[in-house]
Amino acid sequence: MAPARDEGHRRPTDEVAATLREVWRDVLRRDPDQPQFRGAVREVLGSIGPVLAEHPELAEVLGRLCEPERQVVFRVPWVDDAGRARVNRGFRVQFSSALGPYKGGLRFVPGLTLDVVKFLGFEQVFKNALTGQDLGGGKGGADFAAKDASPGEVMRFCQSYATELAAHVGSWTDVPAGDMGVGPREVGWMLGQYRRLVGHDDPGALTGKPAALGGSALRPEATGYGVVYFLARMLAEQGRDLDGARVVVSGSGNVALHAMDKLVAAGATVVGCSDSRGSVAEPGGVDVEALRETKDGGGSVADYAEGRADASTSSGSVFTQECDVALPCATQNEIGPEEARRLVENGCWAVVEGANGPVTPAARTILREGKVGFGPGKAANAGGVAVSALEMQQAAGREQWSAEEVDDRLGTIMAEVHDRARDAGERYFDDPADYEHGANAAAFRRVAEAVERLGVV
Ligand code: NDP
């Protein structure tokens, strides 16, 4: 496969280009049934030609980077409230430990596949590298419908999942956190079972814990806040700011709601929101507290909109609404070509990914051609893992930092993530606004150098 953006830029040697093609062929041969993972690999391979032109010695690590170090797939048996035995499939993919312990969240959603977990794990390796912290990359989860289960069922499920997980995690080995369907409550239950099994306390073995168990201040808020810090810095490069901006946000979960809080604090108006059941347009501005209360009570965005004079509901995408900024914060593949075209037509300034992989490759091309700024999730949503690393630091030092201190550090890390992506965009693609290729190039360089220096292991 040829690197995507080589014209007018340094080209890798023929030998390096042949290595790229060989790695790509191996991915296709080994995982023909994993389109999400393939897409993630293709995107990175398409961004690193200019890095390899400068550092041809890094080409030989590509094969190792595209194959996870370890993949664990396991049975998760549990008993539901009716006393019936149930079984789900659990995953933990330990992708790369070149920069530190495997680090990445656990996702409990129906239909989760190894393909999705590998795609997320591969992304995580590069995201973690971009933070500048010493973290490897991994991801895990189960095809378990956490949001449809009772608290008792979720606890039994978490305990069963952690029974297998315990064999693989630890503060110097692999440090999972939450993701979709997994919040502090679930992390606490998994930590409880883990402690019983290993027979000692290891508070750095899981992050995203409840505060009572040593969870960091602002860990729940970190991803959403970080997205907005990244966005604000990106808009500043365009000579714009968030004051008065109209923003649509998809999802009404952890990332989306905390991003909305920060947007409103920065003077923006959230004019549209959504969840898995539909979307809402509210030109006067979504009341984030009222939305949070409805969601916490088990309601939908449509329930929130009921009785609100300015709000209208739809079963369609939130991204067809007029806006200055779009923040997809729900799940993968939310913005396809149709939504991207509408965003271009509506004069949107920027699309920044709070979720992992919400904008499809075809949609990204349309946004680029339409001159809409694009902040890739790999960079923009790195705030969650960054504060997880701060939680590991606090656990190691038996410390608890204040929310102000964590927020300060988060702000600095997000500024650095932004600048690394921007600077690599400028250096390798002559375009500081090309965060997509810039993020991949900067992250690849850091991980690949570590892999190369470790030797063939
Ligand atoms: P949550 O489970 O808290 O929230 C997910 C939200 O997305 C829910 O409101 C859900 O709807 C909604 N949703 C799910 N599918 C769709 C869909 N097809 N269309 C519209 N809305 C949908 O997850 P998080 O907020 O933690 O994670 C969201 C994204 O951010 C994921 O891609 C995750 O990997 C990524 N991310 C999360 C991090 C974190 O720290 N939590 C860190 C970095 C990335 P409903 O309410 O109806 O269930």
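The values are calculated or read from the model by the stated rules, or taken from the named source; none is laboratory data. Being a predicted model, the structure only gives us computed values, none of them experimental. FYI the Cβ positions are ideal-geometry reconstructions off the backbone, even for glycines, and counts take in every protein chain you see. Keep in mind that these areas ignore ligands, DNA and RNA; they rest on the heavy atoms of the full protein, side chains included. Shrake-Rupley method; radii C 1.70, N 1.55, O 1.52, S 1.80 Å.
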Checklist outcome for this item: Condition set of a type outside the set (A, V, I, L, M, F, W, C) and over 17 Å from residue 177 (Cα atoms), scope the stretch 202-239, selection farthest from the ligand (Cβ to nearest atom): answer is 239
Checklist entry - If you take the residues of the stretch 208-222 that are assigned to a helix (DSSP H, G or I) and within 14 Å of residue 411 (Cβ to Cβ), which of them is least open to solvent (accessible area, probe 1.4 Å)? => result 222
Next on the checklist: Here is a list: 333, 356. Which entry is outside any strand (DSSP E or B), in contact (Cβ under 8 Å) with a residue 60 or more places away in the chain and within 13 Å of the ligand (Cβ to nearest atom)?
Outcome noted: 356
Checklist entry - Got a number for residues in the stretch 71-124 being part of a strand (DSSP E or B) and either of a type outside the set (Gly, Ala, Ser) or touching a helix residue (DSSP H, G or I) at 6+ places or on another chain (Cβ under 8 Å) (or both)? => result 27
Next on the checklist: Just the residues that are in a helix (DSSP H, G or I) and either in the same structural domain as residue 247 (by TED's automatic domain parsing) or more than 9 Å from the ligand (Cβ to nearest atom) (or both), please, taken from the stretch 359-379.
Outcome noted: 361, 362, 363, 364, 365, 366, 367, 368, 369, 378, 379
Checklist entry - within 30 Å of residue 449 (Cβ to Cβ), in contact with a Leu (Cβ under 9 Å, 6 or more places away or on another chain) and surrounded by fewer than 24 Cβ atoms within 10 Å (Cβ to Cβ) - does that describe any residue in the stretch 128-149? => result yes
Checklist outcome for this item: Filter the stretch 268-311 for residues that are open to solvent by 60 Å² or more (accessible area, probe 1.4 Å) and in contact with a helix residue (DSSP H, G or I) (Cβ under 7 Å, 6 or more places away or on another chain); the one that is nearest to residue 183 (Cα to Cα) is 277
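Give the residues of the stretch 240-267 that are in a helix (DSSP H, G or I), away from the ligand (no atom under 11 Å from the Cβ) and open to solvent by 30 Å² or more (accessible area, probe 1.4 Å), sorted by residue number.
261, 262, 264, 265
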